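K.L.:
Can you keep this structure in mind? I'll have questions shortly.
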Amino acid sequence: MRDNWDCYATRVINYDWNADQFSVVDQHDTFDMSSGCLFRFAEEALWAGDFISAIRYYHTYFDLNPIFPRDYPRFRLGIALVLQGDVQAGMDIISALQTENTANTHLSGLYDSIVEAHDAQSGALGVYMAAYRHFAQDQFSAWRNESIEIGLTIDDILYEEGMHGPAAPSPDRAGCDVDVLIDEMLADTIFATDLTPQEQMSTLRFVISDTYYDDLNGDGVDDWLIWFSALGLHPMLFLSQGDRFIVSRPAIYAPTAENALLRVSFEGDDRAGLLSVIYAREELQILPFGANSAGGPGSCVLDTALIIYRLENHTLNQIFHTHLCEVRDPLDLVNALHPLRTITGWTWQEDVFDFVPFSYEWDLDTLSFELLTE
């Protein structure tokens, strides 16, 4: 087998006779020590958080390619060094690539954004955010040498379901797994209620894109949602409890000119809620290579939604989701915000083979929204 890093592997499958037929006992792949496989090993170590092994594999890869080393592996070594804590050594590599690389517009833009973020924030966090954001905005397909779709064989890529391009690589693998790094920082940080979370986040050098605050748990202290300046990252929810904030990361879109985020209440349920109406999702403007962007029946499911969240167990959990197939004012979709009893949404109707508008009603017995049927 050969993957798209040009790494060859032999798959060994062991069978055992069980008196009736042969069955698979175990299987494993053996790799050669080619430059392609060394690059694969380095990437897999980096994804697993084993930065020391990743750096060792990258250096061994370059030992086999001393004359014309590829730019993307050099960038990955720079990221591995930054993650390991040697920020200056990593930035030296990326700065050198910025100086050298003018022809490859994709990668030169990557280097520019990382150097700019490092200079602005003077630390590793800016590097992580910039690497993640670049690949979230401008994803590569597996047909490029810079792709990080490791583990696919060439046969899988070409013939699995006919000639096609696999999905674009995720930015946490192509760039940097920012979610893991954020969670590690949260585990080591106490957020006190005597300062706003926004003030405390700025001291940690986070670049904040949007905020929402309200007293969700009724204790007289504002609770906060804070979004980062990177596509697709879940925000931080800071929920006050005594003299500290409890931090979680619910999957909620930020309020924008196109999207609404409104406080709601429910009849018979004293838990706070938020209504999110989403008409624009920035990351969905990026279509992976080979993606179908055509419309047609049911196309509204791709980019519009009305979602209800409820405060439960110190975080905001999604309790309702419906598609929206036309742009309407959020207040036209509900009876009222306090209490929220009925919602207009769209659901699939088989007999017309399309999404059609339906009403959903609050059920006092289940404390949830149910499809209203006549």
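The values are calculated or read from the model by the stated rules, or taken from the named source; none is laboratory data. What you see is a predicted model, and the numbers here were worked out from it, not measured in a lab. Here the Cβ is made from the backbone with ideal geometry for all residues, glycine too, and neighbour counts use every protein chain on show.
K.L.:
Looking only at residues in segment 244-262 that are assigned to a loop (DSSP other than H, G, I, E, B) and of a type in the set (A, V, I, L, M), which one is farthest from Asp183 (Cα to Cα)?
P.N.:
Within segment 244-262, the first condition is being assigned to a loop (DSSP other than H, G, I, E, B), and the residues that meet it are 249-259.
After this cut, where a residue has to be of a type in the set (A, V, I, L, M) as well, the list is 251-252, 254, 257.
Details: Ala251: 14, Ile252: 17, Ala254: 20, Ala257: 29 Å.
My answer is Ala257.
Residue by residue, here is whether (1) closer than 20 Å to Arg263 by Cβ; (2) touching a residue at least 40 places away in the same chain (Cβ under 8 Å) holds:
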residue: Thr304; (1), (2): no, no
residue: Gly345; (1), (2): yes, no
residue: Phe353; (1), (2): no, yes
residue: Val356; (1), (2): no, no
residue: Leu364; (1), (2): no, yes
residue: Leu367; (1), (2): yes, yes
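K.L.:
Looking at Ala45, is it among the aliphatic types (A, V, I, L, M), surrounded by fewer than 22 Cβ atoms within 10 Å (Cβ to Cβ), farther than 27 Å from Thr203 by Cβ and modelled with pLDDT of 90 or more?
P.N.:
Working: among the aliphatic types (A, V, I, L, M): yes; surrounded by fewer than 22 Cβ atoms within 10 Å (Cβ to Cβ): yes; farther than 27 Å from Thr203 by Cβ: yes; modelled with pLDDT of 90 or more: yes.
Answer is yes for this residue.
K.L.:
Take the residues in segment 160-199 that are among the charged types (D, E, K, R) and assigned to a loop (DSSP other than H, G, I, E, B); name whichever of them is modelled with the highest pLDDT. Please lay out each step first, then the result.
P.N.:
So in segment 160-199, the residues among the charged types (D, E, K, R) come out as 160-161, 172-173, 177, 179, 183-184, 188, 194, 199.
Next, only the ones that are assigned to a loop (DSSP other than H, G, I, E, B) stay: 161, 177, 188, 194.
Working: Glu161: 44, Asp177: 87, Asp188: 86, Asp194: 95.
So the residue we want is Asp194.
K.L.:
A follow-up question, please. Among the candidates Asn14, Asn18, Asn65, which residue alone is in contact with a Ser or Thr (Cβ under 7 Å, 6 or more places away or on another chain), of a type outside the set (Lys, Arg) and in the same structural domain as Val115 (by TED's automatic domain parsing)? Before you say what the answer is, go through the steps one by one.
P.N.:
Details: Asn14 fails: in contact with a Ser or Thr (Cβ under 7 Å, 6 or more places away or on another chain); Asn18 fails: in contact with a Ser or Thr (Cβ under 7 Å, 6 or more places away or on another chain).
Going through Asn14, Asn18, Asn65 in turn, just one is in contact with a Ser or Thr (Cβ under 7 Å, 6 or more places away or on another chain), of a type outside the set (Lys, Arg) and in the same structural domain as Val115 (by TED's automatic domain parsing): Asn65.
K.L.:
Has segment 49-59 got at least one residue that is surrounded by fewer than 18 Cβ atoms within 10 Å (Cβ to Cβ), modelled with pLDDT under 90, out of contact with any His (no Cβ under 8 Å at 6 or more places or on another chain) and assigned to a loop (DSSP other than H, G, I, E, B)? Step through it out loud before you land on a result.
P.N.:
Filtering segment 49-59 down to residues surrounded by fewer than 18 Cβ atoms within 10 Å (Cβ to Cβ) leaves 49-50, 52-53, 56, 59.
Now narrow it down to the ones that are modelled with pLDDT under 90: none.
No, segment 49-59 contains no residue that is surrounded by fewer than 18 Cβ atoms within 10 Å (Cβ to Cβ), modelled with pLDDT under 90, out of contact with any His (no Cβ under 8 Å at 6 or more places or on another chain) and assigned to a loop (DSSP other than H, G, I, E, B).
K.L.:
I need the full set of residues from segment 204-221 which are touching a strand residue (DSSP E or B) at 6+ places or on another chain (Cβ under 8 Å), in a loop (DSSP other than H, G, I, E, B) and more than 30 Å from Ala124 (Cβ to Cβ), in order please.
P.N.:
Residues satisfying the conditions are Asp215, Leu216, Asn217, Gly218, Asp219, Val221.
K.L.:
Limited to segment 342-356, what total is found for residues that are exposed (fewer than 15 other Cβ atoms within 10 Å of the Cβ) and either touching a strand residue (DSSP E or B) at 6+ places or on another chain (Cβ under 8 Å) or basic (Lys, Arg) (or both)? Give the steps one after another, and end with the answer.
P.N.:
Looking only at segment 342-356, we keep the residues that are exposed (fewer than 15 other Cβ atoms within 10 Å of the Cβ), and these are 342, 347-353, 356.
With either touching a strand residue (DSSP E or B) at 6+ places or on another chain (Cβ under 8 Å) or basic (Lys, Arg) (or both) added as a condition, the list becomes 342, 347-349, 356.
Counting residues in segment 342-356 that are exposed (fewer than 15 other Cβ atoms within 10 Å of the Cβ) and either touching a strand residue (DSSP E or B) at 6+ places or on another chain (Cβ under 8 Å) or basic (Lys, Arg) (or both) gives 5.
K.L.:
Taking the condition of being among the polar types (S, T, N, Q), under 16 Å from Ser265 (Cα atoms) and outside any strand (DSSP E or B), how many residues in segment 325-374 meet it?
P.N.:
Qualifying residue count for the region: 2.
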